[in-house]
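**Student:** Handing you this structure, nothing more for now.
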Amino acid sequence: MQFDQFAGNYKQLLDRTIALSGETSEYFAEYKARYLAHVLPHDFSGKVLDFGCGVGLLSRFLKQHLPAARVDGFDVSRDSINRVDLALSTQGLFTSDMDLLARNYDLIVVANVMHHIPATQREMIVQDLASRLAPRGKLAIFEHNPANPVTRWTVDRCPFDKDVVLLARSEISQYVEKAQLRLIRRDYIVFMPRILSWLRLLEPWLAWLPLGAQYALIGEKHA
Ligand SMILES: C[S@@+](CC[C@H](N)C(=O)[O-])C[C@H]1O[C@@H](n2cnc3c(N)ncnc32)[C@H](O)[C@@H]1O
């Protein structure tokens, strides 16, 4: 709900905060959607939940890169949900009411949301999301990497990241494993700023290097 106050200019605030990278918020959102499209089967046509979808920036790219999927979104910020594009809200459910969400998602995406959730609630939320997965469904969590100094510098200057505490990858791994999901991917992502974009082809080979600006972690439910 804290995000209601940022819903109207979320993208502009984010673009300003990440300007040093030379990229816009769209670049980072599309990066995650591309990453997931690469990990999932080519003909993926399942049900996706963008948990903590905000105004739907990532949801839009999820729909674009997984065109046969249905994309739902959930966010505690009603003002953000009210700003989701009609093109998205007519193909899926975008809501602030958890009770309306399904219990058979093939993919649940949680992008840069966990650090906004109080530490005492994180494990419970991961458990709840795991319970909403279909058999072999996947939970994909993206987070800022606290080991990257540029990421920490950026988060310190972000108006909607005031007082947040970033999560080490090991903390999320623990929640995922406690929720009985099998960890199938743990990758560091987003290494090169725009000025070094010619080196981005190398990024998939750097997934082991704990210097990416963000990390991705995917857990899979048993069959
Ligand atoms: C930094 S924004 C990320 C938005 C989007 N996932 C993206 O990648 O652009 C964090 C979002 O998490 C939402 N949020 C915070 N706490 C939440 C919770 N307990 N459950 C669901 N969403 C939450 C906020 O309202 C906000 O929209």
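**Student:** Which of the numbered conditions does Gln12 fail, given that it passes all the others? Conditions: (1) in a helix (DSSP H, G or I); (2) in contact (Cβ under 8 Å) with a residue 12 or more places away in the chain.
**Tutor:** Answer for Gln12: the failing condition is (2).
**Student:** Within the stretch 27-59, how many residues are over 14 Å from Ile189 (Cβ atoms) and of a type outside the set (A, V, I, L, M, F, W, C)? Please lay out each step first, then the result.
**Tutor:** Kept after step one, since they are over 14 Å from Ile189 (Cβ atoms), are these residues of the stretch 27-59: 40-57, 59.
Now restrict to residues that are of a type outside the set (A, V, I, L, M, F, W, C): 41-43, 45-47, 50, 52, 54, 56, 59.
Going through the stretch 27-59 one residue at a time, the tally reaches 11.
**Student:** So in the stretch 159-215, with the set limited to residues that are over 15 Å from the mean Cα position of the chain (by Cα) and among the basic types (Lys, Arg), which one is surrounded by the most Cβ atoms within 10 Å (Cβ to Cβ)?
**Tutor:** Only one residue fits best here, namely Arg200.
**Student:** I need every pair where a residue in the stretch 77-89 that is farther than 18 Å from Gln12 by Cα has its Cβ under 6 Å from the Cβ of a residue that is at pLDDT 95 or above and assigned to a helix (DSSP H, G or I), sequence separation at least 6 or different chains.
**Tutor:** From the stretch 77-89, the pairs are Leu88/Ser59.
**Student:** Right, here's the next one. With a cut-off of at least 3 residues that are at pLDDT 95 or above, surrounded by 18 or more Cβ atoms within 10 Å (Cβ to Cβ) and at positive phi, name the helices (runs of 4 or more DSSP H) lying wholly within the stretch 49-121. Explain how you work it out, then say what you get.
**Tutor:** On the way: elements: 57-65, 78-81, 86-89.
Those helices (runs of 4 or more DSSP H) do not exist here; none qualify.
**Student:** I've got another one for you. I need the full set of residues from the stretch 28-58 which are over 21 Å from Asn82 (Cβ atoms), more than 12 Å from the ligand (Cβ to nearest atom) and touching a residue at least 40 places away in the same chain (Cβ under 8 Å), in order please.
**Tutor:** Matches in the stretch 28-58: Tyr35, Leu36, Val39, Leu40, Phe44, Gly46, Lys47.
**Student:** For residues that are more than 20 Å from Tyr31 (Cα to Cα), away from the ligand (no atom under 11 Å from the Cβ) and either touching a Lys or Arg at 6+ places or on another chain (Cβ under 6 Å) or not small (Gly, Ala, Ser) (or both), tally how many sit in the stretch 107-126. Please lay out each step first, then the result.
**Tutor:** Kept after step one, since they are more than 20 Å from Tyr31 (Cα to Cα), are these residues of the stretch 107-126: 116-126.
From what's left, away from the ligand (no atom under 11 Å from the Cβ): 119-120, 123, 126.
After this cut, where a residue has to be either touching a Lys or Arg at 6+ places or on another chain (Cβ under 6 Å) or not small (Gly, Ala, Ser) (or both) as well, the list is 120, 123, 126.
Summing the residues that are more than 20 Å from Tyr31 (Cα to Cα), away from the ligand (no atom under 11 Å from the Cβ) and either touching a Lys or Arg at 6+ places or on another chain (Cβ under 6 Å) or not small (Gly, Ala, Ser) (or both) in the stretch 107-126 gives 3.
**Student:** Moving on to the next point. Applying the selection to the stretch 22-48, what residues are basic (Lys, Arg) and loosely packed, with under 15 Cβ neighbours inside 10 Å? Steps first, please.
**Tutor:** In the first step, residues of the stretch 22-48 are kept if they are basic (Lys, Arg); the result is 32, 34, 47.
Across the stretch 22-48, the qualifying residue is only Arg34.
**Student:** Would you mind telling me which numbered condition in (1) farther than 19 Å from Gly219 by Cα; (2) of a type in the set (Phe, Trp, Tyr); (3) modelled with pLDDT of 95 or more Tyr10 fails?
**Tutor:** (3)
**Student:** Any chance the stretch 66-74 includes a residue that's within 12 Å of the ligand (Cβ to nearest atom) and touching a residue at least 40 places away in the same chain (Cβ under 8 Å)?
**Tutor:** Just the residues of the stretch 66-74 that are within 12 Å of the ligand (Cβ to nearest atom), to begin with: 73-74.
Adding the requirement that they be touching a residue at least 40 places away in the same chain (Cβ under 8 Å) leaves none.
The answer is no, given that none of the residues of the stretch 66-74 is within 12 Å of the ligand (Cβ to nearest atom) and touching a residue at least 40 places away in the same chain (Cβ under 8 Å).
The values are calculated or read from the model by the stated rules, or taken from the named source; none is laboratory data. What you see is a predicted model, and the numbers here were worked out from it, not measured in a lab. Note that we place each Cβ from the backbone using ideal geometry, even for glycine, and neighbour counts take in every protein chain shown.
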